[in-house]
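The structure appears right after this line, and notes come after that.
The values are calculated or read from the model by the stated rules, or taken from the named source; none is laboratory data. Every value quoted in this text rests on a predicted model; they were computed, and no experiment measured them. Positions of Cβ are backbone-derived with ideal geometry, glycine not excepted, and every protein chain shown enters the neighbour counts. Heavy atoms of the whole protein, side chains included, go into the accessibility calculation; ligands, DNA and RNA do not. Shrake-Rupley method; radii C 1.70, N 1.55, O 1.52, S 1.80 Å.
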Amino acid sequence: FFDFIIVFVDSTFDVDILAATVKRPLFGGYRQYVIAELGHQLRGKLIGRWVALRSDNWAGDSDPFQEILDKEKILESLLSRRMLPSHPIIILGVLQFLEAGRNPHSNTGSYGELYQRLITDRLVTQAGKPSDIGTWYTLLGRVAFSMFTSEKRTISLQEFRDVYQKYYSLFKIHYDVDALCGRFIDAQIFEKRDGSISFKYRDFYHFFVAWYIHENVHDMTEAWSLRGRLQYMAERVYFEEYASILVFYLYLAK
């Protein structure tokens, strides 16, 4: 009935495997595309269009070209050395954040603020009530710190359940743990591959490690250990992971 059918799939979809199992693969007649990351030129065009939407044909007191340049510099600083991809949806999310009454630059504090906003916006899409966000931050911090101390980048679903059980024993907040893991995947905080769970972006993982340290560094039972970890990382900031965690920690600790 339709001239064109577009099917959207995630990064785990492997059409070749499906195609090999039957004589006439379901998607055999489809062209396959991926959404590529934007380079400097296309990113600049997208920023220009965004600014033009509210510029009233470039009239007014502000210089739209300078605004485009400023936004390009911020995005370049955030995306060039980090692990967020330069996909259109990511660029638009950053531009929306910049438009929301804030004007972060590429310094330590605002960099952390931007990531926290991105994470929160994703969690909001899955939250049933506002209080879920703070609760999930605490749990995700515990998951990230557990991975950090065990030097793992992926965990099994059972390991996620184990972290949740320890969390539940402290806070007595009940969730269907398997469904909750699915929510984190749908929010694109987690991704699941071959039965293993990991943070979708490396800096999301670093942020939640820093969140756990910040939340517990004054706890009598953990203060000594966590301060020791902070000192150990501070003496080895040439490791990118340690530097990234410390940047987020400094933002959270003000």
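Observations on the structure shown:
- Just one of the listed residues (177, 237, 247) is modelled with pLDDT under 95, within 13 Å of residue 143 (Cβ to Cβ) and of a type in the set (A, V, I, L, M), namely 177.
- Hits in the stretch 202-237 (condition: touching a helix residue (DSSP H, G or I) at 6+ places or on another chain (Cβ under 6 Å) and basic (Lys, Arg)): 236
- Conditions (1) over 19 Å from residue 194 (Cα atoms); (2) part of a helix (DSSP H, G or I); number of the one not met by residue 179: (1)
- Selection within the stretch 182-205 - more than 19 Å from residue 164 (Cα to Cα) and in a helix (DSSP H, G or I): 202, 203
- Here residue 59 meets each of (1) open to solvent by less than 100 Å² (accessible area, probe 1.4 Å); (2) at pLDDT below 70; (3) assigned to a helix (DSSP H, G or I) with one exception, condition (3).
- Answer residue from the stretch 123-144, given it is at pLDDT 90 or above, within 17 Å of residue 186 (Cα to Cα) and of a type outside the set (A, V, I, L, M) and is most open to solvent (accessible area, probe 1.4 Å) among those: 125
- Residue among 205, 167, 212 that is of a type in the set (Phe, Trp, Tyr), in contact with a strand residue (DSSP E or B) (Cβ under 9 Å, 6 or more places away or on another chain) and under 24 Å from residue 230 (Cα atoms): 205
- Once the stretch 16-51 is narrowed to residues that are surrounded by 12 or more Cβ atoms within 10 Å (Cβ to Cβ) and more than 25 Å from residue 86 (Cβ to Cβ), the residue that is modelled with the highest pLDDT is 30.
- Hits in the stretch 189-236 - residues which are open to solvent by 30 Å² or more (accessible area, probe 1.4 Å), within 18 Å of residue 252 (Cα to Cα), of a type in the set (Asp, Glu) and in contact (Cβ under 8 Å) with a residue 40 or more places away in the chain: 215
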